[in-house]
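The block underneath contains the structure these notes are about, expressed in structure tokens.
All of the numbers you see were taken from the coordinates with simple rules; none came from a lab. Source: prediction; values computed, not measured. Here the Cβ is made from the backbone with ideal geometry for all residues, glycine too, and neighbour counts use every protein chain on show.
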Amino acid sequence: MNARTRTRYGSGAAGAAEVADAGPGALIDRDGQVQWAGLLIGPGTPYWVAAEGLTGWEELPGLESSDANRPAGHGGWPGTQWAQPRTVTAQLWLAPDPDGGPEAALDALRALRSATGVRDEEEWLAVRLYGETLAVKARVTQRVVPTDRQFLAGRLAKVTLQWKAMDPRRYESVARRVEIGLPRREPGLTWPLAWPLDWGTPGSVGGATVENTGSAPAHPLITFTGPCAGPRLANHDSGTWLEYDLPLLLGDVLEVDTAEGSVLFNGTASRRHTAVVGSVPEELFTLAPGASRLSFRAESGDAERASATVAWRSAEW
């Protein structure tokens, strides 16, 4: 990870978040390139993107709707829309270095096989267009490599790759995070006064503003660190909040993954059952496109040590 300066943000100023990691697409160095796991595709590689390019990348995914027709009238009532998994298809030319002979063709083919094997786990699929790199977590669902005369004689093959992303949102490659401390009072001046005046350590309102620069809601990863009791994080723009009836001692960590809906105490034991009445289901705590004002509170705690760290990637449809 590149930028790791730990900073407390009490003023709530937008743009105060630090870069948590460079994320997917680290091998990409120019527009038009695609990175699937450790395989780089596009300009400068043996895998050229064909004229058909990628389909399913900039398109909206399929939608499920709870719309209902009016039983005695024209039209209907609009319901909730939920996006279906995203399917991305790429048309490529397998075009190894012609001066490399059959060995170069075999190396390129083996690298393609290795990267597009059958796996249970999702990996990052990243695409760069006009300087912007976006990525989805996906799995390969299809690989077509025609073993025809053109491939055998000219070592050139028209390849089709297809991925399925269960989460259809495309994420900014760079992850960001902000650390919020508990509110602290301003100590004020110390008497008797002496020049230069010492106002003491600035106080904190226990809040921060984070920004999702995309067009889709993003699910943050929230980490509460003790010592504190009854940690609570509120989103003042959406009116939602998370709170847990749980004491955290010094060194204890409660990690809330709002995408997976998990609440883990010190990385092992589930504590989702400690959510208090009124705390929203974890999956419903999202960062809407734009700025979100967050605040960290607790029934009791050490304002110098307790914190809530919010990490997120901006999300696009």
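Mean sequence separation of contacting Cα pairs (under 8 Å, at least six apart), scaled by the length of the stretch 174-316, corresponds to a relative contact order of 39 percent. Of the residues A135, W82, S114, the one whose Cα sits farthest toward the positive end of the charge dipole of the stretch 69-136, with +1 on the Cβ of Lys and Arg and -1 on the Cβ of Asp and Glu, is W82.
Couplings 3J(HN,Hα) for the stretch 228-241, derived from phi with the Karplus relation 6.51 cos²θ - 1.76 cosθ + 1.60 (θ = phi - 60°), are 6, 10, x, x, 9, 10, 10, 9, 6, 7, 8, x, 9, 8 Hz, where x marks Gly and Pro. For the chain, the relative contact order is 20 percent, taking Cα pairs closer than 8 Å that sit 6 or more residues apart in sequence and dividing their mean separation by the residue count.
Nothing charged except the Cβ atoms of Lys and Arg (+1) and of Asp and Glu (-1): what's the magnitude of the dipole of the chain about its Cα centre? Round to the nearest 20 debye. Could you put the intermediate results ahead of the total?
On the way: 30 positive and 38 negative charges, 37 e Å.
Charge dipole, the chain, about its Cα centre: 180 debye, nearest 20.
Taking every Cα-Cα distance in the stretch 174-316 and sorting them into 10 Å bins starting at zero, the pair-distance distribution P(r) comes out as 12, 40, 30, 12, 6, 1 percent.
Does the chain classify as rounded, prolate or oblate by the C-alpha gyration tensor (a ≥ b ≥ c root eigenvalues; a/c under 1.5 gives rounded; else a/b over b/c gives prolate, otherwise oblate)? It is prolate, given that a/c is not under 1.5 and a/b is the larger ratio.
Here the peptides 61-67, 229-235, 310-316 are ranked by packing, the mean other Cβ count within 10 Å, and the order with the highest first is 310-316, 229-235, 61-67.
By average Cβ neighbour count within 10 Å, what is the ranking of 84-95, 173-184 from highest down?
173-184, 84-95
For G230, the shell of other residues with beta-carbons less than 15 Å away shows a net charge of -2, using +1 for Lys and Arg and -1 for Asp and Glu. The label point for E260 and the one for L129, both projected 7 Å from the Cα toward the Cβ, are 3.1 nm apart.
Divide by every residue of the chain the summed helix terms, -39500 (n - 2.57) for each DSSP H run of at least 4, and state the resulting mean residue ellipticity at 222 nm, rounded to the nearest 500 deg cm²/dmol.
Working: 2 runs with 21 residues, N = 317.
When only DSSP H runs of four or more count, the value is -2000 deg cm²/dmol.
Here r is the Cβ-Cβ distance between D302 and D29 and R0 is 35 Å; the resulting FRET efficiency, rounded to 0.05, is 0.15.
Does the stretch 35-192 come out rounded, prolate or oblate, given a ≥ b ≥ c as the square roots of the eigenvalues of its C-alpha gyration tensor, rounded meaning a/c under 1.5 and, failing that, prolate meaning a/b above b/c? Mind dumping the intermediate values first?
Details: a/c = 3.39, a/b = 1.43, b/c = 2.36.
Here the stretch 35-192 falls in the oblate category.
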